[in-house]
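The structure appears right after this line, and notes come after that.
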Amino acid sequence: MDENKALSLYIHIPYCISKCSYCDFFSRGGCKSIPDEYVDALCREIKVRSCREQAAAFTAWKTVYIGGGTPSLLTEGQLEKICNAISDSKSLSQEAEFTIEVNPDDLTHSFIEALKKTPVNRISVGIQSLNEKSLSFAKRRASAAQNISALECISKNWKGRFSLDLICGLPYESEASFLQGLEKVISYNPDHISMYSLTFEEETPFGKMLDRELSDYDFDFSDKLWLEGRKLLKKEGYLQYEVSNFSKAGFESLHNLSYWNHQPYLGCGSGATGSFYDGSRGRRITNTADIEDYCSFWNTCKGEEEPSKNIISVEEIDEETSSFEFFMMGLRKLSGVKESDYFNIFSKKIPDSVKKLAEKWQKKGLCQISDTDGDYSFTLGEKGILYLNSFVTDL
């Protein structure tokens with residue numbers, strides 16, 4: 001597949017049975033199912049927008065990621081309909097990565113059998129923890145036993161790729177319980193593990209509890225857990241290739257790499273965002289988070305109508321912003337950034353000010369600079385990447 005002719009697609013399913021206390025992603029809680037009218041609107045948007053504007057220049061889907069919310073609430077018929085809309089709009093090669101996020105308590109033998117009838121070849125499971133008290137406090141829908149049951153189900157029935165998510169530092173998690181849980185999930189042989197530090201977003205229940213029930217939360221302990229977790233993952237053969245992501249060799253998330261490599265992607269679904277680039281400039285398109293307005297427009301769209309500003313908002317990205325995002329996202333990767341990649345986008349070399357900053361961090365032992373065959377590159381490495389936010393601030 002010609003990488004220049006292939007596009008990534010993100011699809012948002014903004015429905016959850018219940019909201020987790022730490023989650024700040026857009027979704028609507030209290031939903032036991034996904035309305036057919038939403039699926040219809042989503043399929044219509046995929047078909048229309050995939051052949052419009054900058055998306056029209058691409059002939060195939062490179063990666064597809066169905067996220068949420070809770071995509072595993074989709075019925076077999078709804079999932080089939082979405083997959084048909086995807087494959088009808090652009091070709092999907094056998095090499096394409098096609099991921100769906102799944103809640104552990106939705107994972108059954110019948111659900112996996114349904115997935116086998118689709119182009120989905122990668123499952124991402126939100127395990128988060130195997131500590132029962134931590135899961136309960138975070139209002140996770142799945143218990144520790146259900147998490148294990150999901151991993152057993154995947155192990156026995158799924159032959160494709162699978163990734164899982166873990167959170168370091170949930171309340172009531174101890175070092176022993178976290179590392180034991182990490183060892184347990186590793187025993188199921190996932191090819192990819194995302195391990196995040198707990199963050200307290202202001203408008204989430206956890207964020208609001210920070211000054212009350214969680215006033216004595218130990219951020220240093222949370223950081224220690226993450227470092228111990230990284231050490232264990234490295235010992236077990238998982239390579240850290242991004243700030244929070246680890247994989248076996250060759251099993252990196254291609255979809256997420258498209259974000260970190262400053263590549264275009266189309267976002268479909270209520271609340272979804274996509275970005276396109278034209279040389280050194282770009283355009284970011286975000287769908288309305290009003291699900292009713294979203295469904296109303298796309299379910300009546302004949303194909304020629306242009307979405308109004310209350311349906312789709314557009315942000316023009318100037319060269320300065322695009323350049324900043326290139327470094328901000330690229331330095332999340334352990335491979336860092338290359339001058340040749342920067343030149344391909346911006347038609348000039350990496351600015352001297354950035355190189356001087358890299359040299360300053362190199363002297364502190366927090367950056368590694370190389371020049372292979374005339375291609376300048378630098379990475380913050382395993383140590384420096386812990387201070388990524390500081391480097392980005394200095395930019």
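Work through the residues other than residue 252 whose Cβ is under 12 Å from its Cβ and net out their charges, Lys, Arg +1 and Asp, Glu -1.
Cβ neighbours under 12 Å give a net charge of +1.
Based on alpha-carbon positions alone, could you give the equivalent ellipsoid semi-axes of the stretch 1-127 from the gyration tensor, as √(5λ), descending, whole Å?
Working from the Cα gyration tensor, I get semi-axes of 25, 16, 14 Å.
Listed highest first by mean packing, meaning other Cβ atoms within 10 Å per residue, what order do 203-210, 9-16, 161-168, 345-352 come in?
9-16, 161-168, 203-210, 345-352
For a Förster distance of 45 Å, can you work out the FRET efficiency between the beta-carbons of residue 60 and residue 189, rounded to the nearest 0.05?
Efficiency at R0 = 45 Å is approximately 0.90.
Just going by the charge dipole of the chain, with Lys and Arg at +1 and Asp and Glu at -1 on Cβ, which of 143, 247, 89 is farthest out on the positive end?
It is 247.
Taking 0.36 nm per residue of sequence separation and subtracting the Cα-Cα distance, how much length would be gained by fully extending the chain between residue 348 and residue 52, in nm to one decimal?
Additional length available on full extension: 103.6 nm.
Residue 369: net charge of surrounding residues, Cβ under 10 Å, Lys/Arg +1, Asp/Glu -1, itself excluded?
-1
Mean residue ellipticity at 222 nm from the helices of the chain, using -39,500 (n - 2.57) per DSSP H segment of n ≥ 4 over the full residue count, to the nearest 500 deg cm²/dmol?
Computed mean residue ellipticity for the chain: -11000 deg cm²/dmol.
Compare the Cα positions of 11, 362, 310 along the charge dipole of the chain (+1 at Cβ of Lys, Arg; -1 at Cβ of Asp, Glu; about the Cα centre) and return the one farthest towards the positive end.
362
For residue 218 and residue 362, FRET efficiency with R0 = 30 Å and r from the beta-carbon atoms, rounded to 0.05?
My answer for the efficiency is 0.40.
Just to confirm, what accessible area per residue do you get for the chain at 1.4 Å probe, in whole Å²?
Value returned for the chain: 46 Å² of accessible area per residue.
Once you list every other residue whose beta carbon is under 10 Å from the beta carbon of residue 15, what net charge do they have if Lys and Arg are +1 and Asp and Glu are -1?
+2
Label-point separation (nm) for residue 371 and residue 76, each offset 7 Å from Cα along Cα-to-Cβ?
So the two model labels end up 6.2 nm from each other.
If I take R0 = 22 Å and measure r between the Cβ atoms of residue 234 and residue 176 in this structure, what FRET efficiency does the formula 1/(1 + (r/R0)^6) give, to the nearest 0.05?
0.70
Expressed in whole Å with the largest first, what are the equivalent ellipsoid semi-axes of the stretch 116-185 derived from the C-alpha gyration tensor as the square root of 5 times each eigenvalue?
One finds semi-axes of 25, 12, 10 Å for the stretch 116-185.
Decide, for the stretch 159-303, between rounded, prolate and oblate: order the square roots of the alpha carbon gyration tensor eigenvalues as a ≥ b ≥ c, take rounded if a/c falls under 1.5, and otherwise choose prolate if a/b is larger than b/c, else oblate.
Note, shape of the stretch 159-303 comes out oblate.
Probe radius 1.4 Å, ligands and nucleic acids ignored: give me the carbon and sulfur share of the accessible area of the chain as a rounded percent.
48 percent
List the cysteines in the chain whose Cβ has no other cysteine Cβ under 4.7 Å from it.
16, 31, 43, 51, 83, 153, 168, 268, 295, 301, 367
Given that compact globular proteins tend to follow 2.2 N^0.38 Å, what is the ratio of the alpha-carbon Rg of the stretch 95-154 to that value?
Against the compact-globule rule of thumb, the ratio is 1.21.
Which whole number in µm²/s is D for the stretch 180-245 by Stokes-Einstein, with the Kirkwood Rh taken over Cα pairs at 37 °C and 0.692 mPa s?
The diffusion coefficient I find is 242 µm²/s.
GluC sites (Glu not before Pro), restricted to the stretch 292-395: which are DSSP loop and have at most 11 other Cβ atoms within 10 Å?
Here the GluC sites (Glu not before Pro) that fit, given the DSSP loop and packing criteria, are 304.
The values are calculated or read from the model by the stated rules, or taken from the named source; none is laboratory data. On a predicted model such as this, the values are computed, not experimentally measured, just so you know. Note that each Cβ is placed from the backbone with ideal geometry, even for glycine, and that neighbours are counted across all protein chains shown. Calculation scope for accessible area: heavy atoms of the full protein, side chains included, ligands and nucleic acids excluded. Shrake-Rupley method; radii C 1.70, N 1.55, O 1.52, S 1.80 Å.
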